[in-house]
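Written below as structure tokens is the structure these notes are about.
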Amino acid sequence: MRRLFQIVAASAGLLFVLVSTKVLLEDRCAPLTSGIHGALQQRDVQVFLLGSSHTRQGYDIAELEKLTGSRDFAVAYDGLDLAGMVPLVQVLLPEWQRSAPRGPRILVLEAYSADLARTPELQEPRLFFDSPPRTKLEIARNYLRQHPHRASTWMDLWVLAANRGMETIVTYPFLHALMNGLSYNGGYEGKTVAGFPEGFSRMRVPVTGETANKDQTEALSAMIAIARQHGVTVLLVEPPMPASVEAEPAIRALQTEFRQLAAEQAVPFIQGADNFPTDDPSMFADTNHLSTAGRDVYTEQFARVLSHLLHSSSGRP
């Protein structure tokens with residue numbers, strides 16, 4: 001029995017060392033041209049776009065830079081909501097201001113209305129993998145706080161720490177080089193996404209309710225406070241969605257809530273669907289993402305707003 005106990009203790013100790021080493025060092029295997037790890041390698045970023053796949057597919061970063069003359073970087077993870085953005089803002093804004101002659105001037109927060117009502121959730125494990133250890137700790141703390149009564153919460157964190165991202169470590173540097181070649185400053189590079197072929201007028205998105213989740217609104221307030229502390233202007237922006245989605249009562253109600261939250265915080269809220277051909281199927285890849293053609297049109301429209309803001313003495317669009 002004593003021998004068995006020693007074997008179990010030694011195995012547990014070895015497992016702890018291996019997992020700890022993975023957690024402390026894995027972000028060094030993350031891509032250099034996308035995600036939080038890529039962002040931390042940048043200097044002199046003027047426009048920081050933060051959001052989910054809507055942000056990644058909604059903006060042509062290279063074209064946006066060309067049209068505005070600014071240095072831009074997008075950090076986008078699938079399903080990233082406002083609550084999930086907070087740890088990234090906490091680490092990136094101070095780091096950029098320490099390492100660059102001037103920090104970012106504008107923070108573009110994705111205001112995806114369908115996510116405003118939902119309970120915070122970490123949908124893409126790559127966010128945890130890419131993050132430096134101090135940000136991993138903040139992500140874990142937030143996850144425990146936001147899911148206090150769920151039996152699987154600790155198991156979820158264990159899986160993140162022990163299992164997720166192993167394929168990236170094993171295939172490094174091949175995957176590292178591949179992913180770096182497919183993105184530019186956090187946006188897609190050379191990727192073509194076709195328009196929606198059929199059923200366009202029937203498209204809908206799942207929405208959990210018509211009232212904002214408290215964790216999401218508190219996260220928004222926290223990010224705006226951090227940005228102001230560092231002299232950064234905040235823009236709330238919702239990229240365009242198909243007309244049938246934009247017309248959903250729940251979506252319209254949550255967009256109204258975003259406008260109210262923006263007004264309370266004295267920050268601009270920009271509705272990407274305004275003056276955008278939301279009834280054109282070629283502009284959308286699916287229910288809530290732009291096609292390549294839609295991305296080109298929207299990037300040009302947003303560039304006009306961004307250029308005005310960058311060159312406005314008042315700092316407002």
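The values are calculated or read from the model by the stated rules, or taken from the named source; none is laboratory data. The model shown is predicted, which means the values in this text are computed figures rather than measured ones. Reconstructed Cβ throughout: ideal geometry from the backbone, glycine too, with neighbour counts over all protein chains shown.
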Could you run through the stretch 133-161 and say how many residues are hydrophobic (A, V, I, L, M, F, W, C), surrounded by 14 or more Cβ atoms within 10 Å (Cβ to Cβ) and closer than 14 Å to VAL19 by Cβ?
4
Looking at the structure I just gave you, is GLY186 under 17 Å from the mean Cα position of the chain (by Cα) and either basic (Lys, Arg) or under 22 Å from ALA303 (Cα atoms) (or both)?
yes
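From the set of residues in the stretch 67-86 that are more than 20 Å from ASN185 (Cβ to Cβ) and aliphatic (A, V, I, L, M), which is surrounded by the fewest Cβ atoms within 10 Å (Cβ to Cβ)?
VAL86
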So is SER307 assigned to a helix (DSSP H, G or I), in contact (Cβ under 8 Å) with a residue 12 or more places away in the chain and farther than 24 Å from ASP78 by Cα or not?
yes
Search the stretch 82-98 for residues that are within 11 Å of HIS230 (Cα to Cα) and touching a residue at least 60 places away in the same chain (Cβ under 8 Å) and pair each with any residue that is part of a helix (DSSP H, G or I) and not aliphatic (A, V, I, L, M) when their beta-carbon atoms are under 8 Å apart and the residues are at least 6 apart or on different chains.
GLN90/THR135; GLN90/GLU138
Which members of the stretch 279-304 meet the condition of being among the β-branched types (Val, Ile, Thr) and part of a helix (DSSP H, G or I)?
THR292, VAL297, THR299
Residue pairs qualifying under the 9 Å Cβ cut-off, at least six apart or on distinct chains, with the first in the stretch 198-209 being in contact (Cβ under 8 Å) with a residue 24 or more places away in the chain and surrounded by 12 or more Cβ atoms within 10 Å (Cβ to Cβ) and the second being of a type in the set (Asp, Glu) and assigned to a loop (DSSP other than H, G, I, E, B), are PHE200/ASP279; PHE200/ASP280; MET203/ASP286; ARG204/GLU248; VAL205/GLU248; VAL207/GLU248
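Listed here are the residues, each with its yes/no results for (1) out of contact with any His (no Cβ under 9 Å at 6 or more places or on another chain); (2) surrounded by 24 or more Cβ atoms within 10 Å (Cβ to Cβ).
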| site | (1), (2) |
| --- | --- |
| LEU88 | yes, yes |
| GLU95 | yes, no |
| SER99 | yes, no |
| PRO104 | no, yes |
| VAL108 | yes, yes |
| ALA114 | yes, no |
| ALA117 | yes, no |
| PRO120 | no, no |
| PRO125 | yes, no |
I'd like to know if the stretch 43-60 contains one or more residues that are assigned to a helix (DSSP H, G or I), touching a Ser or Thr at 6+ places or on another chain (Cβ under 7 Å) and modelled with pLDDT of 90 or more.
no
Being more than 24 Å from GLU189 (Cβ to Cβ), in contact with a Pro (Cβ under 7 Å, 6 or more places away or on another chain) and not aromatic (Phe, Trp, Tyr), is that true of even one residue in the stretch 52-65?
no
Sort out which residues of the stretch 208-229 are assigned to a loop (DSSP other than H, G, I, E, B) and either of a type in the set (D, E, K, R) or at pLDDT below 90 (or both), and write them in order of number.
THR208, GLY209, GLU210
Pair list, Cβ < 6 Å and 6+ apart or interchain, from the stretch 32-43 residues that are closer than 10 Å to GLU95 by Cβ to residues that are aromatic (Phe, Trp, Tyr) and surrounded by 21 or more Cβ atoms within 10 Å (Cβ to Cβ):
ALA39/PHE73; GLN42/PHE73
Would you please name the residue that is surrounded by the fewest Cβ atoms within 10 Å (Cβ to Cβ), looking only at residues in the stretch 230-276 that are of a type in the set (A, V, I, L, M), out of contact with any strand residue (DSSP E or B) (no Cβ under 8 Å at 6 or more places or on another chain) and assigned to a loop (DSSP other than H, G, I, E, B)?
ALA266
